[in-house]
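Sharing a structure here in structure tokens format.
Values quoted throughout were computed directly from the atomic coordinates according to the rules given, and no laboratory measurement underlies them. Predicted model, so just to flag it, every value in this text is computed and none were measured. Please note: Cβ atoms are built from the backbone with ideal geometry, for glycine as well, and neighbour counts cover all protein chains shown.
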Amino acid sequence: MNASSARPKMIVDCDPGHDDAVALLVAAHVADIRGIVTVGGNADLDRTTHNALVMRDLIGIDAPVHRGCGHPIVAKSQYAPSIHGESGLDGADLPSPVTPLDGTDGVDFIIDTCRADEGIWLVPTGPLTNIGLALRRAPDIAHRIAGVSLMGGGSFGNRSAVAEFNIWADPHAAAIVFETFDRGSPGPLGPVPGSLIMAGLDVTHRFQLTPERIARTGALSGQLAEILTGLFEFFSGTYLSRHDAGTMSGAALHDPLAVLAVSHPELFERRHRHVVVETVGEHTAGMTVIDERKLLERSAPNCDVLVDVDADAAFDIVIEAIQASAPRV
Ligand code: RIB
Ligand code: CA
């Protein structure tokens, strides 16, 4: 699908991943995708890159795919097969991609694209390795982007009691991203103008793939709807099998909220907070430390923490995006 100038410009940095696939679908519908960059996370980089190529053609996205980093900056690689399956996108017979990979240095692609145009949103929905390295290698881009809208973090964890997977998988990269927007300790080029939005577990757990929403998807015609229905059933199955009975109605559909936070901000409730990432704690590495104190001495906010979403309206957009897709395969 072709982008229009009326929609926010985005680079989606992802580790597909069932919910990353929906983030790409929604971004194709509501944004001007300037590029897709892949990162290791839900599965290894070969698999997440293959899955991104498959989803690009299934959705009919008119944007390049660039392979990013396969390993965190410091931490060792760890994946999530228990949630997403060995392929990273288990649950459906996926077609082979027909459009070839466009590049193998995703960090350079991010830098070059943000230097060639202003006002691009970086929308990471996996570990933040590519984004952190791009900001380190080219600090100037922080002054050119509209901001970073990320899926990650929260006031509680899923990979540990306090750490959410995307932040936990590469806490050093995440720390770079959150520090970049900390105007209390600006970088060499001064405070950055853009915004940092955190779609953490507090909001994403309020956007679940309920049986009703999976049924709505299954009632749509076409190959994409059929494939997504299988993916949703697998993804929700793994989620429900790992949570106390009755605490979840389906998988949390995390990643599309990082996209919708930019295109549809009215769907969300947010808190302006100071957030830092713990990188060394034996029990807390990967924690997003959100300063909720009412003390005037607290640090100045650097982040919009999303805390609620109009889930029905958000899923209506997912349905619209499926109906608007133009598969290439
Ligand atoms: O913790 C959830 C996040 O980790 C989502 O982005 C999911 O796709 C995985 O990357
Ligand atoms: Ca993801």
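Scan region 271-299 for residues that are part of a loop (DSSP other than H, G, I, E, B) and surrounded by fewer than 13 Cβ atoms within 10 Å (Cβ to Cβ) and jot them down.
Narrowing region 271-299 to residues part of a loop (DSSP other than H, G, I, E, B): 274, 278-286, 291-299.
Residues satisfying the conditions are Val280, Glu282, His283, Glu292, Arg293, Lys294, Leu295, Leu296, Glu297, Arg298.
Give the residue that is nearest to Arg144 (Cα to Cα), with candidates limited to residues of region 179-207 that are within 16 Å of ligand 2 (Cβ to nearest atom) and not in a loop (DSSP other than H, G, I, E, B). Reasoning before the result, please.
Of all residues in region 179-207, those within 16 Å of ligand 2 (Cβ to nearest atom) come to 197-201, 203-205, 207.
Narrowing further to those that are not in a loop (DSSP other than H, G, I, E, B): 197-199, 201, 203-204.
On the way: Ile197: 16, Met198: 19, Ala199: 22, Leu201: 28, Val203: 28, Thr204: 28 Å.
Selected residue: Ile197.
In addition: Find the helices (runs of 4 or more DSSP H) located wholly in region 1-110 whose residues include 3 or more that are of a type in the set (S, T, N, Q), and list them.
Numbers: elements: 18-30, 45-59, 81-84.
Qualifying helices (runs of 4 or more DSSP H): 45-59.
Within the set of pairs 6+ apart or on separate chains, which have a first residue in region 80-97 that is closer than 9 Å to Phe234 by Cα, a second that is away from ligand 1 (no atom under 13 Å from the Cβ) and small (Gly, Ala, Ser), and C-beta atoms under 6 Å apart?
These pairs meet every condition: Gly91/Gly230; Ala92/Gly230.
When residues of region 288-324 are filtered for being touching a His at 6+ places or on another chain (Cβ under 8 Å), over 23 Å from Pro171 (Cβ atoms) and not aliphatic (A, V, I, L, M), how many remain?
The number of residues fulfilling the criteria is 1.
Look at region 165-178 and say how many of its residues are out of contact with any strand residue (DSSP E or B) (no Cβ under 7 Å at 6 or more places or on another chain) and either on the phi > 0 side of the Ramachandran plot or within 14 Å of ligand 1 (Cβ to nearest atom) (or both). Write out each step before concluding.
From region 165-178, those out of contact with any strand residue (DSSP E or B) (no Cβ under 7 Å at 6 or more places or on another chain) are 165, 168-170, 172-173, 176; that's our starting set.
If we keep only those that are either on the phi > 0 side of the Ramachandran plot or within 14 Å of ligand 1 (Cβ to nearest atom) (or both) as well, we get 165, 168-170, 173.
Within region 165-178, residues that are out of contact with any strand residue (DSSP E or B) (no Cβ under 7 Å at 6 or more places or on another chain) and either on the phi > 0 side of the Ramachandran plot or within 14 Å of ligand 1 (Cβ to nearest atom) (or both) number 5.
Here is a list: Ala28, Ala21, Ala43. Which entry is of a type in the set (Gly, Ala, Ser), under 18 Å from Trp121 (Cβ atoms) and buried (at least 24 other Cβ atoms within 10 Å of the Cβ)?
Numbers: Ala21 fails: under 18 Å from Trp121 (Cβ atoms); Ala43 fails: under 18 Å from Trp121 (Cβ atoms).
None of the others qualify; the one that does is Ala28.
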